[in-house]
Amino acid sequence: MKDFKKYLAEFIGTFVLVLFACGVAGQTCSGPKEGAGYLITALAFGLVIVAMAYSIGNVSGCHINPAVSIAMLVRGKMNVKDFCGYVAAQFLGGIAGAGVLQLIVKDPTKLGTNALYNGDAMISFVIEAILTCVFVLAILGVTSKQENSSVAGLVIGGALVLVHLLGISFTGTSVNPARSFGPALIAGDLSGIWVFLLAPLAGGVVAALLYGFLDKKE
């Protein structure tokens, strides 16, 4: 039952992330020429993380992102069984969130899907990997000490706002495979989706290894 509650919490968190944050992205059509929509979308993603961190964080740790979960796996903070359960719950939550969003807006172009930067898969991969690495580094750092628990949600939410402020104009900012896959699947367009599945995972692994090196006491 304890495991089920953790997985359910991850499902709920990812569902809320996609429904609300991707919903805001789709409605504001955020981009560098949209002015306020650019900032509003970045804030929406950050605020969802803050809200979920302080609501389900004590249940599952509020990963709601396979890139975060793989970093925790590499760091030895979770086992393979929980990693698989978390990732499955996150993808299902992302699909459900996108499905409900589609029922509301009835427009597959307004689901906040990601897109390759100038159609270039390689540069998009690099962008997403770097953005994810920075985001996950912030998570690993702030969660490394128990005394940071009261502000961890704010720091993580702020870090997500930061990477979105840079990344939206390039790829729409994924840094989260579940967040990208759900809207892409419901929109019926999986072209280039491999970039938004693999690049964040690569960024998460690099962040875990880098933090492990920086955290060594010698």
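Figures for the structure shown
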read-out	value
Filter pass, residue 21 being surrounded by fewer than 19 Cβ atoms within 10 Å (Cβ to Cβ), in contact (Cβ under 8 Å) with a residue 40 or more places away in the chain and part of a helix (DSSP H, G or I)	no
Given (1) touching a helix residue (DSSP H, G or I) at 6+ places or on another chain (Cβ under 6 Å); (2) among the acidic types (Asp, Glu); (3) modelled with pLDDT under 95, number of the condition residue 128 does not satisfy	(3)
Scope the stretch 94-111; condition within 20 Å of residue 49 (Cβ to Cβ) and either in a helix (DSSP H, G or I) or at pLDDT below 95 (or both); matching residues	94, 95, 96, 97, 98, 100, 101
Close pairs (9 angstrom Cβ cut-off, 6 or more residues apart or separate chains): over 19 Å from residue 113 (Cβ atoms) in the stretch 197-211, surrounded by fewer than 18 Cβ atoms within 10 Å (Cβ to Cβ) and among the polar types (S, T, N, Q) anywhere	211/144
Among the candidates 87, 100, residue that is surrounded by 19 or more Cβ atoms within 10 Å (Cβ to Cβ) and not aromatic (Phe, Trp, Tyr)	87
Scope the stretch 56-84; condition in a helix (DSSP H, G or I), among the hydrophobic types (A, V, I, L, M, F, W, C) and buried (at least 24 other Cβ atoms within 10 Å of the Cβ); matching residues	67, 68, 70, 71
Index of the failed condition, residue 116 passing every other in (1) under 18 Å from the mean Cα position of the chain (by Cα); (2) in contact (Cβ under 8 Å) with a residue 40 or more places away in the chain; (3) more than 23 Å from residue 188 (Cβ to Cβ)	(3)
Residue 83 vs. criteria within 21 Å of residue 204 (Cα to Cα), within 12 Å of the chain's Cα centre (by Cα) and aromatic (Phe, Trp, Tyr)	no
Checking residue 41 against (1) polar (S, T, N, Q); (2) touching a Phe, Trp or Tyr at 6+ places or on another chain (Cβ under 8 Å); (3) part of a helix (DSSP H, G or I), the condition it does not meet	(2)
Neighbours by Cβ (under 6 Å, 6+ apart or cross-chain): first from the stretch 133-162, within 21 Å of residue 205 (Cβ to Cβ); second of a type outside the set (Gly, Ala, Ser) and surrounded by fewer than 19 Cβ atoms within 10 Å (Cβ to Cβ)	133/206; 142/148; 142/155
Considering residues of the stretch 89-110 that are of a type in the set (A, V, I, L, M, F, W, C) and more than 15 Å from the chain's Cα centre (by Cα) only, the residue nearest to residue 197 (Cα to Cα)	96
Candidate set: the stretch 124-172, residues that are in a helix (DSSP H, G or I) and polar (S, T, N, Q); chosen: the one farthest from the chain's Cα centre (by Cα)	146
Candidate set: the stretch 183-211, residues that are within 19 Å of residue 83 (Cα to Cα) and among the small types (Gly, Ala, Ser); chosen: the one surrounded by the fewest Cβ atoms within 10 Å (Cβ to Cβ)	202
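So that you can scan it fast, the table gives a plain yes or no per residue for (1) closer than 20 Å to residue 97 by Cβ; (2) modelled with pLDDT of 95 or more:
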site: 172; (1), (2): yes, no
site: 177; (1), (2): yes, yes
site: 191; (1), (2): no, no
site: 200; (1), (2): yes, yes
site: 203; (1), (2): no, yes
site: 207; (1), (2): no, yes
site: 211; (1), (2): no, yes
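The values are calculated or read from the model by the stated rules, or taken from the named source; none is laboratory data. Just so it is clear, the structure is predicted and the values come from calculations on it, not from any experiment. So basically every Cβ, Gly included, is an ideal-geometry build from the backbone, and we count neighbours across all protein chains shown.
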